[in-house]
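J.: Take a look at this one; I'll ask things after.
Please treat every number below as a calculation from the coordinates, not as lab data. Owing to the predicted nature of the structure, the values given are computational and were not obtained by experimental measurement. FYI the Cβ positions are ideal-geometry reconstructions off the backbone, even for glycines, and counts take in every protein chain you see.
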Amino acid sequence: MAFVVLLKGVNIGGHRIFRPRTLVQELKNLNIVSIGATGTFVVRGAVTRAKIRAEIARRLPFKTEIIIIGAREVLSFMESNPFTNRKVPPGMVCFVSVTARRRKPLLQFPYNLPPSGRWSVQLLSCQGRFVTGMYRREMKSIRYFGQLERIIGAPITTRNWNTFLSIGQKLR
């Protein structure tokens with residue numbers, strides 16, 4: 001079974017820097033593929049989650065949350081096409097936040113940040129471990145992403161929807 005691995009908070013703003021390409025070379029026995037520079041990988045080798053977690057953690061020069069999801073769960077989410085019927089205005093970006101563990105969200109959807117006035121981040125829905133949303137391309141949106149874990153109630157990592165489209169291509 002294939003897995004998707006998402007590392008939380010790496011290669012962002014000069015913090016927790018590593019080279020995904022080097023990690024892929026070191027773990028070639030796992031048949032691992034890197035998706036961009038954000039710590040996103042597809043593992044196609046016959047290996048357990050525990051082995052993937054241990055091998056990656058051993059090679060990183062820092063500690064970070066390692067989120068591992070089965071390929072079937074990711075593909076099932078992708079097939080739901082969460083952004084298909086949604087008009088995305090210019091200047092908006094679609095994203096997916098993935099929780100480290102399944103958890104019922106602590107809020108009603110849609111949920112806007114800030115809660116009143118013109119929103120910067122809008123959470124649209126939750127499907128299992130996947131929370132979808134949109135954000136405005138503006139600096140203050142970053143501030144609201146820092147609040148998502150508290151709002152959702154579990155550790156998360158966030159990726160652009162385009163990254164998920166690339167993941168889907170590698171899994172298929």
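J.: Arg44 label point, 7 Å along Cα→Cβ, cut-off 12 Å on backbone N: hits in the stretch 1-26?
T.: Taking a point 7 Å out along Cα→Cβ of Arg44, the residues of the stretch 1-26 whose backbone N falls under 12 Å are 2-3.
J.: If you build a Gaussian network model of the chain, linking Cα atoms that sit under 10 Å apart, which residue out of Glu26, Glu65, Glu79 swings the most?
T.: Glu79
J.: To continue, here is another question. Name the most mobile residue of Ala50, Ala154, Ala71, meaning the one with the largest mean-square fluctuation, in a Gaussian network model of the chain with Cα contacts below 10 Å.
T.: Ala50
J.: Hey, another quick one. Take the chain, connect every pair of alpha-carbon atoms lying under 10 Å apart with a spring to form a Gaussian network, then pick out the residue of Val131, Val43, Val24 with the largest mean-square fluctuation.
T.: Val24
J.: On to the next question. Let a ≥ b ≥ c be the square roots of the eigenvalues of the Cα gyration tensor of the stretch 1-139; is it rounded (a/c under 1.5), or, if not, prolate (a/b larger than b/c) or oblate?
T.: prolate
J.: Moving to a separate point now. Going by C-beta contacts inside 10 Å, put Val47, Val98 in order with the fewest on the left.
T.: On the way: Val47 18, Val98 22.
Lowest count first: Val47, Val98.
J.: Please report the spacing between the Cα centers of the stretch 109-125 and the stretch 59-106 in Å, no decimals.
T.: The stretch 109-125 and the stretch 59-106 have Cα centres separated by 17 Å.
J.: Kindly state, to the nearest 0.05, the FRET efficiency for Arg143 paired with Val88, given R0 = 30 Å and r defined as their beta-carbon distance. Intermediate values should be presented prior to the final figure.
T.: Working: r = 22 Å, r/R0 = 0.72.
With a Förster radius of 30 Å, E is 0.90.
J.: Return a whole-number percent for the relative contact order of the stretch 83-161, with Cα pairs under 8 Å and 6 or more residues apart as the contact set. Can you show the working numbers first?
T.: On the way: 133 pairs, mean separation 31.5, N = 79.
Contact order relative to length: 40 percent.
J.: Tell me the angle of helix 49-59 to the major Cα principal axis of the chain, expressed in degrees between 0 and 90 and rounded to the nearest ten.
T.: Rounded to the nearest ten degrees, it is 80.
J.: Fewest Cβ neighbours within 10 Å first, please rank Thr157, Thr38 accordingly. Please list the in-between numbers first.
T.: On the way: Thr157 23, Thr38 19.
Ascending number of Cβ neighbours within 10 Å: Thr38, Thr157.
J.: As I understand it, the value is the acute angle between the Cα axis of helix 161-171 and the longest principal axis of the Cα atoms of the chain; what does it come to in degrees, rounded to 10?
T.: Orientation of helix 161-171: about 30 degrees from the principal axis.
J.: May I ask you to sort Leu113, Leu6 by Cβ crowding, counting other Cβ atoms within 10 Å and putting the fewest first? Don't jump to the answer; show the numbers that get you there.
T.: On the way: Leu113 19, Leu6 25.
Lowest count first: Leu113, Leu6.
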